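Asks: Mind having a look at this structure? Questions to follow.
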Amino acid sequence: MKVRYDSYCGLNCGACPVGRANEMNDTEAIKKFAEEWGTTVEALRCTGCKTEITSGYCTNCEMRLSARDKNHEFCVECSEYPCKDITDFRNDKAPHHSIVFTNLQKIEENGLEEWLKVQKIRWSCSSCSTSFDWYSETCEKCGKKLYNAVDEEKDLLI
Ligand code: SF4
Ligand code: SF4
Ligand SMILES: [Zn+2]
């Protein structure tokens, strides 16, 4: 399935484990996530935040609904940005959320196309170019240690 990578809040759906499993039609991975998280395979069907097929987690995301309601492509266009919802999201415990302000700033400064290009490189193994997700620790193809969202969050907090 084709997955759209940009989202309203600045996350990259292309580095989301659920997005990647859907993109690669990896039914086993989706089944594993469903078991781990106590949900169904159907609830984990997703082709990206800005599409009509979104996972149970993201379908009712308040930022997604709010940005769609206000006709914004990105929260950074909003007069209320950064509102409490996106600030709380950015500051919560999930390491992959910490990058959203930076991502939105880059999209605003350099445009979406450039951001997508840079993201493709950022989320591919520097040795063999295999893509990886927010929480991958080593490359599934060559075994190289990866710089993931947990490492990135530590650097963002410096
Ligand atoms: S589950 Fe959410 S973050 Fe992951 S690809 Fe779908 S919309 Fe994007
Ligand atoms: S109010 Fe907040 S969540 Fe809604 S579009 Fe504006 S910045 Fe995004
Ligand atoms: Zn590799």
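The values are calculated or read from the model by the stated rules, or taken from the named source; none is laboratory data. Please read all numbers here as calculations on a predicted model, not as lab measurements. Glycine also receives a Cβ, built like all others from the backbone with ideal geometry; neighbour counts cover every protein chain displayed. Keep in mind that these areas ignore ligands, DNA and RNA; they rest on the heavy atoms of the full protein, side chains included. Shrake-Rupley method; radii C 1.70, N 1.55, O 1.52, S 1.80 Å.
Asks: Take every Cα pair under 8 Å in region 1-135 that's 6+ residues apart, average their separations, divide by the length, and report that relative contact order as a whole percent.
Replies: Value for region 1-135: 27 percent.
Asks: Considering just Cα atoms, how many Å³ per residue does the convex hull of region 13-156 enclose?
Replies: 125
Asks: Running a GNM on the chain with Cα contacts under 10 Å, which residue among L104, L11, L116 ends up with the highest mean-square fluctuation?
Replies: L116
Asks: Continuing with the same structure: Is region 108-150 best put as rounded, prolate or oblate by its Cα gyration tensor, with a ≥ b ≥ c the root eigenvalues, rounded for a/c under 1.5, and otherwise prolate when a/b is larger than b/c, oblate when not?
Replies: Prolate, since a/c reaches 1.5 and a/b exceeds b/c.
Asks: Rounded to the nearest percent, how much of the accessible area of region 13-156 (1.4 Å probe, protein heavy atoms only) is carbon and sulfur?
Replies: Solvent-exposed carbon and sulfur of region 13-156 make up 52 percent of the total.
Asks: Can you give the FRET efficiency to the nearest 0.05 for T40 and E140, using r as the Cβ-Cβ distance and R₀ = 25 Å?
Replies: 0.50
Asks: Moving on to the next point. What does the C-alpha gyration tensor say about the overall shape of region 74-144? Classify as rounded when a/c is under 1.5, otherwise prolate if a/b is larger than b/c, or oblate.
Replies: In terms of gyration-tensor shape, oblate.
Asks: What does the helix-only formula give at 222 nm for the chain: each DSSP H stretch with n ≥ 4 adding -39500 (n - 2.57), the total divided by the residues, and the result rounded to the nearest 500 deg cm²/dmol?
Replies: -12000 deg cm²/dmol
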